[in-house]
Amino acid sequence: MNIITEHLDKILIAAAIGQLIIACINMRLDRMLNWREELSGLSRLLYEVFYVHKWYISITLLIFGVLTIRFAGDIATGAYEMARWLAASIGIFWGIRTLIQWVFYSGDHWKGKRKETVIHWILTFAYGGCAVAYLYAAFRPAA
């Protein structure tokens, strides 16, 4: 047994806590990034879509985090097919989010800006780390 497999339940709990933190940050992101003025210029429909998506992304991350904390042992051992499917789903979610961080968002938002570059890399490693942890749990041989 390698060290990752031996501590996979703890790694998954760390990922779950990270997701709960991201969910909380997401709820205040418009204030943290001073988007109030930009959001006030949106049409009512676009503002409402932004607001609903903010809540649903946070709720999704809350669900991912709580389920992972509750079933970290089952996900880590891969003994149940449902746990593997859950891990694969969450891993794919975070893998796509990591890709979006680099492919969709313009580098103009962070390149040449120290604070934004640091945040960009922290998010890349956080999202990518979640993807790797969950995908490892999903596709490794059962314990």
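How much net charge surrounds ALA88 when only the other residues with a Cβ under 13 Å from the Cβ of ALA88 are counted, with Lys and Arg +1 and Asp and Glu -1? Walk me through the numbers before you get to the answer.
Numbers: positive: ARG84, ARG140; negative: GLU81.
Residues close to ALA88 contribute a combined charge of +1.
Using only Cα atoms, what is the ratio of the radius of gyration of the chain to 2.2 N^0.38 Å? Let's see the in-between values first.
Values: Rg = 17.0 Å, N = 143, 2.2 N^0.38 = 14.5 Å.
In units of the 2.2 N^0.38 Å rule of thumb, it is 1.17.
Distance between the C-alpha centers of segment 1-80 and segment 85-143? Whole Å please.
12
Cα convex hull of segment 94-143: mean projected area in nm², to one decimal? Working shown, then result.
Details: hull surface 14.5 nm².
About 3.6 nm², averaged over all directions.
Neighbour counts of other C-beta atoms within 10 Å: give me VAL52, VAL66, VAL132 arranged from fewest to most.
Details: VAL52 10, VAL66 13, VAL132 18.
Fewest-to-most ranking of VAL52, VAL66, VAL132: VAL52, VAL66, VAL132.
Can you tell which of ILE22, ILE100, ILE59 shows the greatest fluctuation in a Gaussian network model of the chain with Cα springs below 10 Å?
ILE100
What's the exposure ranking of HIS120, HIS53, HIS7, going from fewest to most Cβ atoms within 10 Å? Mind showing how you got there, number by number?
Details: HIS120 18, HIS53 11, HIS7 14.
Ascending Cβ contact count within 10 Å gives the list HIS53, HIS7, HIS120.
How do ASP30, ASP108, ASP9 line up, fewest other C-beta atoms within 10 Å first? The partial results should precede the final answer.
Numbers: ASP30 15, ASP108 9, ASP9 18.
Ascending Cβ contact count within 10 Å gives the list ASP108, ASP30, ASP9.
Could you give the angle, 0 to 90 degrees to the nearest 10, between helix 44-77's Cα long axis and the longest principal axis of the Cα atoms of the chain?
The angle comes out near 20 degrees.
Ignoring everything except DSSP H segments at least 4 long, calculate the 222 nm mean residue ellipticity for the chain; use -39,500 (n - 2.57) per segment, divide by total residues, nearest 500.
Working: 6 runs with 117 residues, N = 143.
Rounded to the nearest 500, it is -28000 deg cm²/dmol.
Quick note: the coordinates plus some simple rules give every number you see, no bench work behind them. A quick note: this is a predicted structure, and the numbers were derived from the prediction, not measured. Neighbour counts run over all protein chains shown; Cβ positions are idealised from the backbone, glycine included.
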